[in-house]
1. Of Lys7/Lys266; Lys22/Lys83; Lys7/Lys362, which ones are farther than 20 Å apart at the Cα?
2. Using a Gaussian network model of the chain whose springs link C-alpha atoms within less than 10 Å, name the residue from Gly277, Gly14, Gly107 with the highest mean-square fluctuation.
3. Name the residues whose placed amide hydrogens come within less than 5 Å of the amide hydrogen of Ala109, ignoring near sequence neighbours (fewer than 5 apart) on the same chain.
4. For region 173-224, just say rounded, prolate or oblate: build the C-alpha gyration tensor, square-root its eigenvalues into a ≥ b ≥ c, call rounded for a/c under 1.5, and beyond that prolate if a/b exceeds b/c, oblate if not.
5. Give me, ordered by chain and number, the residues 5 or more places off Arg17 or on other chains with an amide H under 5 Å from its own placed amide H.
6. Which value, in debye to the nearest 20, describes the size of the charge dipole of region 205-251 about its Cα centre when Lys and Arg Cβ atoms bear +1, Asp and Glu Cβ atoms bear -1, and nothing else is charged?
7. Using a 10 angstrom Cβ neighbour count of at most 14 plus a DSSP loop assignment to flag exposed GluC sites (Glu not before Pro), which longest range of the chain is free of such sites?
8. Sort the following peptides by mean Cβ neighbour count (other Cβ atoms within 10 Å, averaged over residues), highest first: 292-301, 96-105.
Amino acid sequence: MARILVKGGHRLDGEVRISGAKNAVLPMLMASLLTDKPCFLHNVPHLKDVTTTIELLAQMGAEIALGDRLGIHINTRPVSHLKAPYDLVKTMRASILVLGPLLARFGEARVSLPGGCAIGARPVNLHIKGLEQLGAEVDVDNGYIVARARQLKGARVVMDTVTVTGTENIMMAACLARGTTVIENAAQEPEVVDLAECLKTMGATIEGAGTNTVTIQGRDSLEGFDYSVLPDRIETGTFLVAAAMTGGRVHVHRAASHSLEAVIEKLRETGARIETGPDWIRLDMEGRRPEAVNVTTAPYPGFPTDMQAQFMALNTVARGTGVIRETIFENRFQHAVEMQRLGADIRLQGNTAVITGVEALKGAPLMATDLRASAGLVLAGLVARGETVIDRVYHIDRGYENIEEKLRQLGADIRRLPAVEAA
Ligand code: UD1
């Protein structure tokens, strides 16, 4: 399994360009199932989750071709196999996003239940409940969600919990339902808004995306799309934290600063000087050690859970004590135990981590457990003395395009080690 070697102690300084957002590109690829017309996506990041989605669509019968400038052509006209199998769903939970589009266009879908997940239970009950409210009949058979509906009908769908992919699934299905759907307590994440914009270019009528109430007028059919994916706010935030915790500076190009307000505010609290422009962010720590910060994760516009591990890494070397509360996912502190192996002072109690910064971490072999945890461990490696080797880095390739190359551009000493055979 591939590993990453980081030799810590280098202050980051330089420029980096942000890739398209993983959590926007995945639902858009799935949205191509809503139409039999050709679709084209620009600014598609080269990520394992994108490859998995392409494989999923191809298994269903879609024709997919890579175009110029990070583009992908998708033609779902030939799709006939209306199933998302367990072997793909278990590697990428976002596969559940085919459920709404398949059901809405073809009247049926079979999607494997995702099963266990490294960061908690993560059920899909709200996706199912919402689709039932649109008139679908849903059963579970042999580990598969089996959904059927001759014609979905618009309805009022109240989400018990704010769910990002749940909102996206219902929004996509509602585009082909008869009548009006109102989603209440909808997720307001920028990726939900970007998906809505993409769907609108297909002819969908959607209002309120980005607020907690989204209204969709259903249509008989949709056109194809030609759409460019927004920049990844989590990748952006990760580079900003990397620069801040090394006392360095970074100019981030192609960043959507408006989507990162909670993160930027926290970074300012650490003592970073930050300037923003329409598509760039500049952070300068001026060689200082960051101040510890308290963070509580929450649905957008709150502080993103996907930035929690990175801020924990920052707090491990900050001045003072910071408290991190994770309110979105249970069991999302596995990186804390790994950071302790570097000498971090972290006390865990339920969903709370109390981190007291130490002068320096010391390199050690580590194990990545999930995507964002891996990013946190890489950042910790950047400030650890000596060598840190992170195993199971395939997690990081799910959501970060060329992370080691981009960090090297900023002056980090980081490289991928060839896979070793398991003993
Ligand atoms: C999405 C993001 C992920 C991010 C997460 C929270 C994608 C592809 N992934 O994941 O990167 O960490 O949002 O911002 O966009 N829940 C239920 N029932 C459901 C669905 C969710 O109880 O049917 C709960 C979950 O267990 C969790 C909370 O709702 O506690 C939020 O999860 P959700 O927003 O659905 O996460 P994802 O959409 O899977």
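No lab work stands behind these numbers, since they all come straight from the coordinates. Model, not experiment: these values are computed from the prediction. All Cβ positions, glycine included, derive from the backbone under ideal geometry; neighbour counts span all protein chains shown.
1. Pairs exceeding the cut-off: Lys7/Lys266; Lys22/Lys83.
2. For the chain, modelled as a Gaussian network with Cα springs under 10 Å, the answer is Gly277.
3. Ala147
4. oblate
5. When sequence neighbours closer than 5 places are left aside, the close amide H contacts are His253.
6. Dipole of region 205-251, to the nearest 20 debye: 340 debye.
7. No qualifying site falls inside 1-285, the longest such stretch.
8. Ranked by mean Cβ neighbours within 10 Å, highest first: 96-105, 292-301.
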